[in-house]
Structure formats: structure tokens, C-alpha cells
Amino acid sequence: MRPFEAIESVITPLPRINVDTDQIVPKQFLRLVQRSGFGRHLFHGWRYGEDGVTPVASFPLNDARYAGSRILVTGENFGCGSSREHAVWALMDHGFGAVIAPSFADIFASNCIKSGLLPVALPGAAVERLVRTAAPVRVDLVARRVSVPSESASWDFEIGDHARRMLLEGLDEIALTLEREDRIAEYEREHPAPAP
């Protein structure tokens, strides 16, 4: 994973509640085994017309104003439904580094941290204001703050120290385990497996 400290970009607004993982990346696109290639399927059912190819002009991911956006701002209970790492991979493959919402499904938020995507929970009023802004937004993990510098507006957010460290240092669970390799080896020496 890449270390994450801060990003600044225009936001992509998606003011919808209860967006589930099948809406984020539909099940028919889950056949890939690598983490890349899912971005083109992100929000497929909303992003493309009935033919599955023609872009829906009114959908935010098809709007030139949000091209290159690194921050998705959406409604409460984002990522509900089945546990699907592919949903996180699709968001990241599209280019998002952070998702801001009033709340997230627990498993989705955990999958975000494990993959390097920052889920930021902010009060509903703050999210509504962000959805309306055209100004660049800054998400600062070091300071635990979201701000709109040109509007002198900011909101602090909470994130556990363990999750924050994983993101700041770009560590996944394997890397965290390997940090304790000496202690694991010591434990194995002190607790040998019983002979068959």
C-alpha cells in the first residue's frame, strides 16, 4: 500500500444514502483476481445506460467538472450490503483516495483501511456543505481534518490510531505481522508443536 498523509482535489458528489456494494461494483464484474481493472465498472448501473455502454451524462463520474477527483462525498450508510473488497478496489482504481460520508457499513470501512482507502465520517451538515462546494477540498490524515481552504471551513474527524498508522505508513496486515516476526519466532521456539 502507498502511504497516505493528505490529498486535495475537487470532490465528486454522490448524495445518495444506503449505497450498497453491489451498486458500487455489480456482481457480474467480480471475476477479476487482481485489484486493478475495476474502476471502469464503478457504479456501472448508474453510470451507463441500459445498453451498459452509453454514459449517462447526468451521473457525476461522467461530468467533466469532477474529472481527476480524488475524493468522493456521499450519503449515510455507504458500502452496506455484502462484504466485497472489490467495491473498495473499484473506488481506488477509479482514482479515489478518500470517501466522505455521515456513516459507513462497518465491514466496508474495515476493507477500506486494509486496502489503503480513507473512509471519513463527518456530520450530515458538513457532508451537505461539501456536496455543494465547487472549491477544492483537503483531507488531511495527519491532522485528522477535512477542510475547504478557500472557504475557511474545516471539520475534524475521528480515526483509530491503529487504522491511522496503517494508512500513514502504507501498511497492510501482512506488513504489520512481519513487524513482529522476531516475537513470532520467539513464541514458536517457546511453544513447540507437540510431536505426533
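Any chance segment 51-70 includes a residue that's at pLDDT below 95 and either buried (at least 20 other Cβ atoms within 10 Å of the Cβ) or touching a Phe, Trp or Tyr at 6+ places or on another chain (Cβ under 7 Å) (or both)? Looking for residues that are at pLDDT below 95 and either buried (at least 20 other Cβ atoms within 10 Å of the Cβ) or touching a Phe, Trp or Tyr at 6+ places or on another chain (Cβ under 7 Å) (or both), one finds none in segment 51-70, hence no. Of the residues making up segment 109-127, those that are more than 14 Å from LEU168 (Cα to Cα) and either free of Cβ contacts under 8 Å to residues at least 40 places away in the same chain or buried (at least 16 other Cβ atoms within 10 Å of the Cβ) (or both) number 10. Selection of strands (runs of 3 or more DSSP E) fully inside segment 101-196 by the criterion of at least 2 residues being under 19 Å from LEU91 (Cβ atoms) returns 118-121, 137-140. The set of residues in segment 89-107 being within 19 Å of ILE174 (Cα to Cα) and either among the hydroxyl-bearing types (Ser, Thr, Tyr) or in contact with a Phe, Trp or Tyr (Cβ under 7 Å, 6 or more places away or on another chain) (or both) consists of TRP89 alone. Just so you know, in segment 136-165 the residues that are surrounded by 14 or more Cβ atoms within 10 Å (Cβ to Cβ) and more than 17 Å from the chain's Cα centre (by Cα) include one that is nearest to THR12 (Cα to Cα), and it is PRO136. Looking at segment 5-44, which of its residues are aromatic (Phe, Trp, Tyr) and modelled with pLDDT of 95 or more? The answer is PHE43, and nothing else. Might you let me know whether segment 76-98 holds any residue that is surrounded by fewer than 21 Cβ atoms within 10 Å (Cβ to Cβ), among the polar types (S, T, N, Q) and either touching a Cys at 6+ places or on another chain (Cβ under 6 Å) or modelled with pLDDT under 95 (or both)? Yes, because at least one residue in segment 76-98 is surrounded by fewer than 21 Cβ atoms within 10 Å (Cβ to Cβ), among the polar types (S, T, N, Q) and either touching a Cys at 6+ places or on another chain (Cβ under 6 Å) or modelled with pLDDT under 95 (or both).
Screening segment 1-42 for residues that are of a type in the set (Asp, Glu) and in a strand (DSSP E or B) and picking the one that is surrounded by the most Cβ atoms within 10 Å (Cβ to Cβ) gives ASP20.
Of the residues in segment 50-70, at least one is in a loop (DSSP other than H, G, I, E, B), basic (Lys, Arg) and in contact with a strand residue (DSSP E or B) (Cβ under 9 Å, 6 or more places away or on another chain).
Residues of segment 1-28 that are in contact with a helix residue (DSSP H, G or I) (Cβ under 7 Å, 6 or more places away or on another chain), within 24 Å of GLY124 (Cβ to Cβ) and of a type in the set (A, V, I, L, M, F, W, C): VAL10, ILE11, LEU14, ILE24. Filtered by the rule that a residue be within 25 Å of LYS114 (Cα to Cα), loosely packed, with under 12 Cβ neighbours inside 10 Å and of a type in the set (Gly, Ala, Ser), segment 166-193 gives a lone residue, ALA185.
Taken together, LEU178, LEU171 contain a single residue that is touching a residue at least 24 places away in the same chain (Cβ under 8 Å) and of a type in the set (A, V, I, L, M), which is LEU171.
The values are calculated or read from the model by the stated rules, or taken from the named source; none is laboratory data. Note that this is a predicted model, so its numbers are computed, not measured. With ideal geometry, Cβ positions are generated from the backbone for all residues, glycine too; neighbour counts draw on all protein chains shown.
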